[in-house]
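The values are calculated or read from the model by the stated rules, or taken from the named source; none is laboratory data. Computed from a predicted model, the values in this text were never measured in an experiment. Note that each Cβ is placed from the backbone with ideal geometry, even for glycine, and that neighbours are counted across all protein chains shown. SASA here: full protein model, heavy atoms, side chains in, ligands and nucleic acids out. Shrake-Rupley method; radii C 1.70, N 1.55, O 1.52, S 1.80 Å.
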Amino acid sequence: MNRRTYKNVTAFMVILPMAGALVGCGGSGSGGGNSNANAPAPADSGKAQSVEVTLMTWESAEMNNKIMASMQKFEQDNPGITVKLIPTPLDNYGVKLNGMIAAKKAPDIFMTGNDMVLDNGAQGLLYDWSQQAGNDQTFMNGFYPGVLDSWHIGDKLVGLPGLLNTYGIFYNKKLFKDAGLAEPKIGWTYDEFFADMQKLSSKKGGVQQYGYYAAPDPFNVSLYSVSAGGAPFADSISNPTKVTISPQFIEGADRYKDAVKNGYMNPPTYDLTNVMSSFKEGKVGMTYQGQWVADDLIRTAPKDLEWGFVPQPVVQSQAEIYDAVGWCSPASIQHPDAVWKVLKYLDSSMYAEVLPQTPVAPAAYKTSASAYFDALKTAGHPDLGEAIDHILNSKNIQPIRFLTTWGGKAYPFITATWPNVMGGKADDSQLNTMADKINKVIQSAK
Amino acid sequence: MEQKRTPKMVRTWIKGYLFILPSIVGFSVFVAYPLLSSMYYALTEWGGYDRPRFVGFANFKYMFTVDPAFWPSIRATFYFVLMSVPSSLVLGLFLAVLLNRSLPGIKWFRTIFYLPTVVPSIATLTLWLFIYQPQYGLANSVLRALGLPDGTWLTSEMTALPSIVLVGLWQVGAGMIIFLSGLQAVPKDMYEAADVDGAPRWRILLHITLPMITPILFLQLILGIIGAFQAFNQVQVLTGGGPNFSTSLLNFKIYDDAFNGKLFGYSIAEVWVLFCIIMIFTLVTYRYSNRFVYYESDNSR
């Protein structure tokens, strides 16, 4: 190799990795509004500039199309603001979103669950909407009472709830009638509930048919405890400080345990994947599900299938579970005022338009929720709307799971103990051991 | 005496280093850095996207003394390896011996047995979900038709892991093909000599075929052990680690802790434990391989 060739080769070897590095660093900004996410967020000027607000949901393509059809009206009413959808499948949504937030490439608005809000908010990764909310009290007063509580971290409002998920019991009216049972109504009791599942169970043709299909976990049994005047399993929705196994909790757990032992309900390890298919075939008497299942039943269940929905039974007082999904923004958004306008529209007008077409859940914003209830009435299920409204107006709301980051270390204790207790392989004292271990996890996380 | 560095020698060294620079950069960025950083993260409490907090060996202490899912996971993993590796080897070899004949249409049979390997595992596993469905699944329907009681399959701690192993055997075609290639490489004259001596078939299998394919057997054993320790899809699709951790193989637990439990630092510590287990198993297998592996070029067995 002569000197000139050597120089050329050297230059090539140096330039090549540099060029590669530059290529690797380039090409960003396709995500829309955050290409310069590290820069301080300037206040929106009054100039008529074009602002693109990116929006990410985990919804199906069908639902996304309906959302974006509604957003066209928003764009017409708000010239200068365009909304761009970033569709993302629900599968591993949280992992993808966390990666985008860490890389400062998160969209201006993203759909989120309550646990993700608390987690990301605690790390200071979410935009604080307190100022905009303070200036917009009329809008903020439109939400169901209490639903905004778990979207606050300290005095910061780190997101807005969009839809509320409620949980209750879907039942087959014909199977109730055939068994000579009265249909369950709002306010029915646990005595009636366990008696009903007993009469609905059978073993015809060698196939075990349970009267009730569900996998009640400690959070679910906590409803029994609270309704009977006992302590809740976890003492707070957003940030539990301890878990408790009260005598009433044991009483509730024992009743479920007896139902499993006697074949009135499925064992804790039962595969519930196909329960709704069986429900549509008219083979399931009662099953515990989220209200969103109704949308599929309304659209695809056989016309002759008569079904109803009822809230959880009570011992003495009403206690319910519901959780919220909603909208958040990363702390680094560039145009907060434009984003706030989109957020308001999503929670109010968008849901009011979309939910009647796809009645999946009541909106956290009351006027939009009424559109959902109207849609259920039109579909011939006013009882469903009444039951959900009853759940949402409950004065006692319990958590559905641990929302905090230490949940990952706490859940294995439940998984290791709960199925054994419910299946009769371990005695009730194991529940206290389980609670002690979870409380140690909570203490060590402080 | 140290050789004097001439400008020509220095230029030669520089040229040499420049030529290996891409490899060094590639190794550093894609191997050394991830390896070293994972060692660091294993010693931290880290949710994956927040700032890691150094905790020393606390993750390992928690893993071995507190985590209620760790030892069941280790048990399930070893149980899975001990069940799936030998059964896959035996079945693969059995099929290969059966299909190592010149019969009309034998290629069709080879294709049929290999076919499940071509189908994406997720599709196959989803199909098995329907087969194992307790009330209306094919498996229990067949048992009922035979007048037998229902199987618990994936819903019982006793049967869930064997059921997963059974699914794995459905994809034994890949190993079968490798065995088949090994069998076809056995010199024909050995079989002819055995035939002339009037050796029965089982003796031929035991004293000619098996010794001649021991290198293939050894390769399959090593790959099988590593693959079984890293099994994931089966658990993710069929059981999600349940019931009661009975199918929570360590590789699945690592994923679950990291992405569902948001315990990234902790799960990286578990990765190192899995790495050590695989390393020990592989080294022990290598150490004792000369006792059963026969190489034609090597006369000392």
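I'd like to check something: does region A:319-341 contain any residue that is modelled with pLDDT of 95 or more, within 18 Å of the chain's Cα centre (by Cα), hydroxyl-bearing (S, T, Y) and under 26 Å from A:Q198 (Cα atoms)?
Looking through region A:319-341, none of the residues is modelled with pLDDT of 95 or more, within 18 Å of the chain's Cα centre (by Cα), hydroxyl-bearing (S, T, Y) and under 26 Å from A:Q198 (Cα atoms).
With the requirement that a residue be over 19 Å from A:I186 (Cβ atoms) and under 23 Å from the mean Cα position of the chain (by Cα), what does region A:365-383 give you?
A:Y365, A:K366, A:T367, A:S368, A:A371, A:D374, A:A375
Can you tell me which residue among B:F64, B:F80, B:F54, B:F94 is within 19 Å of B:V165 (Cβ to Cβ) and either among the β-branched types (V, I, T) or open to solvent by 40 Å² or more (accessible area, probe 1.4 Å) (or both)? Step through it out loud before you land on a result.
Values: B:F64 fails: within 19 Å of B:V165 (Cβ to Cβ); B:F80 fails: either among the β-branched types (V, I, T) or open to solvent by 40 Å² or more (accessible area, probe 1.4 Å) (or both); B:F54 fails: within 19 Å of B:V165 (Cβ to Cβ).
Sole residue among the options that is within 19 Å of B:V165 (Cβ to Cβ) and either among the β-branched types (V, I, T) or open to solvent by 40 Å² or more (accessible area, probe 1.4 Å) (or both): B:F94.
Restricting attention to region A:118-159, which residues are away from chain B (no Cβ under 14 Å), touching a Phe, Trp or Tyr at 6+ places or on another chain (Cβ under 9 Å) and part of a loop (DSSP other than H, G, I, E, B)?
A:W129, A:D136, A:G142, A:Y144, A:V147, A:V158, A:G159
Answer yes if at least one residue in region A:419-429 is under 16 Å from A:S222 (Cα atoms) and in contact with a Leu (Cβ under 8 Å, 6 or more places away or on another chain), and no otherwise.
yes
Which numbered condition in (1) at pLDDT 95 or above; (2) open to solvent by 20 Å² or more (accessible area, probe 1.4 Å) is the only one that A:N220 fails?
(2)
Suppose we keep only residues that are in contact with a helix residue (DSSP H, G or I) (Cβ under 7 Å, 6 or more places away or on another chain) and of a type in the set (V, I, T) within region A:52-84. Which one would you say is surrounded by the most Cβ atoms within 10 Å (Cβ to Cβ)?
Looking at residues that are in contact with a helix residue (DSSP H, G or I) (Cβ under 7 Å, 6 or more places away or on another chain) and of a type in the set (V, I, T), I get A:V53.
Assuming B:R101 fulfils every condition listed in (1) away from chain A (no Cβ under 14 Å); (2) surrounded by 13 or more Cβ atoms within 10 Å (Cβ to Cβ) apart from one, which condition is it?
Unmet for B:R101, out of (1) away from chain A (no Cβ under 14 Å); (2) surrounded by 13 or more Cβ atoms within 10 Å (Cβ to Cβ): (2).
Would you be able to say whether some residue in region A:401-424 is at pLDDT below 95, more than 11 Å from every other protein chain (Cβ to nearest Cβ) and within 20 Å of the chain's Cα centre (by Cα)?
Yes, region A:401-424 contains at least one residue that is at pLDDT below 95, more than 11 Å from every other protein chain (Cβ to nearest Cβ) and within 20 Å of the chain's Cα centre (by Cα).
Show the residue pairs that are 6+ apart or on different chains and have beta-carbon atoms under 8 Å apart, the first residue being within region A:193-221 and acidic (D, E), the second being assigned to a helix (DSSP H, G or I).
Filtered contacts from region A:193-221: A:D196/A:F176; A:D217/A:I414; A:D217/A:W418.
Output the number of residues of region B:2-27 satisfying the condition of being of a type in the set (D, E) and open to solvent by less than 70 Å² (accessible area, probe 1.4 Å).
Total meeting the criteria: 0.
Among the listed residues B:A69, B:A58, identify the single one that is in contact with a Ser or Thr (Cβ under 8 Å, 6 or more places away or on another chain), within 12 Å of chain A (Cβ to nearest Cβ), of a type in the set (A, V, I, L, M, F, W, C) and closer than 27 Å to A:N439 by Cβ.
Step by step, each of B:A69, B:A58 is checked, and only B:A69 is in contact with a Ser or Thr (Cβ under 8 Å, 6 or more places away or on another chain), within 12 Å of chain A (Cβ to nearest Cβ), of a type in the set (A, V, I, L, M, F, W, C) and closer than 27 Å to A:N439 by Cβ.
A:D428 - would you say it is under 30 Å from A:W292 (Cβ atoms) and either touching a helix residue (DSSP H, G or I) at 6+ places or on another chain (Cβ under 7 Å) or away from chain B (no Cβ under 14 Å) (or both)? It would help to see each step written out before you state the result.
Values: under 30 Å from A:W292 (Cβ atoms): no; either touching a helix residue (DSSP H, G or I) at 6+ places or on another chain (Cβ under 7 Å) or away from chain B (no Cβ under 14 Å) (or both): yes.
When the stated conditions are applied, A:D428 does not pass them.
Sort out which residues of region B:33-55 are within 14 Å of another protein chain (Cβ to nearest Cβ) and either more than 30 Å from the chain's Cα centre (by Cα) or of a type in the set (D, E) (or both), and write them in order of number.
B:E45, B:Y49, B:D50, B:R51, B:P52, B:R53, B:V55
Criterion first (within 14 Å of chain B (Cβ to nearest Cβ) and either within 30 Å of A:Q131 (Cα to Cα) or open to solvent by 50 Å² or more (accessible area, probe 1.4 Å) (or both)) does A:D436 satisfy it?
Values: within 14 Å of chain B (Cβ to nearest Cβ): yes; either within 30 Å of A:Q131 (Cα to Cα) or open to solvent by 50 Å² or more (accessible area, probe 1.4 Å) (or both): yes.
In short, yes.
For region A:238-252, does any single residue satisfy the condition of being in contact (Cβ under 8 Å) with a residue 60 or more places away in the chain, of a type outside the set (G, A, S) and out of contact with any helix residue (DSSP H, G or I) (no Cβ under 9 Å at 6 or more places or on another chain)?
No, the conditions are met nowhere in region A:238-252.
Pick from A:D115, A:D91: which is open to solvent by 40 Å² or more (accessible area, probe 1.4 Å), within 30 Å of B:P52 (Cα to Cα) and outside any loop (DSSP other than H, G, I, E, B)?
After ruling out the rest, the residue left standing is A:D115.
Pull out all pairs, ordered by first then second residue, where Cβ-Cβ is under 7 Å, the residues are six or more apart or on different chains, the first lies in region B:258-281 and is in contact (Cβ under 8 Å) with a residue 60 or more places away in the chain and of a type in the set (A, V, I, L, M, F, W, C), and the second is outside any helix (DSSP H, G or I) and surrounded by 16 or more Cβ atoms within 10 Å (Cβ to Cβ).
B:A258/B:G48; B:F264/B:W46; B:F264/B:G47; B:F264/B:G48; B:I268/B:A42; B:A269/B:A42; B:W272/B:A42
Within region A:280-310, how many residues turn out to be under 23 Å from the mean Cα position of the chain (by Cα) and in contact (Cβ under 8 Å) with a residue 24 or more places away in the chain?
Count: 15.
Given the conditions (1) surrounded by 12 or more Cβ atoms within 10 Å (Cβ to Cβ); (2) more than 12 Å from chain A (Cβ to nearest Cβ), which single one is not true for B:F30?
So the condition that B:F30 fails would be (1).
Name the one entry in B:L183, B:L98, B:L103, B:L143 that is in contact (Cβ under 8 Å) with a residue 12 or more places away in the chain and aliphatic (A, V, I, L, M).
B:L183
Name every residue in region A:180-194 that is assigned to a loop (DSSP other than H, G, I, E, B) and either open to solvent by 50 Å² or more (accessible area, probe 1.4 Å) or touching a Cys at 6+ places or on another chain (Cβ under 8 Å) (or both), in order of residue number. I'd like the intermediate steps shown before the answer.
Our first condition is that a residue be assigned to a loop (DSSP other than H, G, I, E, B); within region A:180-194, this holds for A:180-188.
Result: A:G180, A:A182, A:E183, A:K185, A:I186.
Collect the residues in region A:258-269 that are polar (S, T, N, Q) and either assigned to a helix (DSSP H, G or I) or facing another protein chain (nearest Cβ under 10 Å) (or both), keeping them in residue-number order. Let's see the steps before the verdict.
Of all residues in region A:258-269, those polar (S, T, N, Q) come to A:262, A:266, A:269.
Correct list: A:N266, A:T269.
If you go through region A:48-88 one residue at a time, how many are closer than 17 Å to A:Y345 by Cα, in a loop (DSSP other than H, G, I, E, B) and touching a strand residue (DSSP E or B) at 6+ places or on another chain (Cβ under 8 Å)?
Residues that pass the stated criteria total 1.
So that you can scan it fast, the table gives a plain yes or no per residue for (1) touching a strand residue (DSSP E or B) at 6+ places or on another chain (Cβ under 9 Å); (2) away from chain B (no Cβ under 14 Å):
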position: A:P184; (1), (2): yes, yes
position: A:K199; (1), (2): no, yes
position: A:V221; (1), (2): no, yes
position: A:F233; (1), (2): yes, yes
position: A:Y256; (1), (2): yes, yes
position: A:D271; (1), (2): no, no
position: A:Q291; (1), (2): yes, yes
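Picking from B:T12, B:T65, B:T44, which residue would you name as being of a type in the set (S, T, N, Q) and touching a residue at least 60 places away in the same chain (Cβ under 8 Å)?
B:T44
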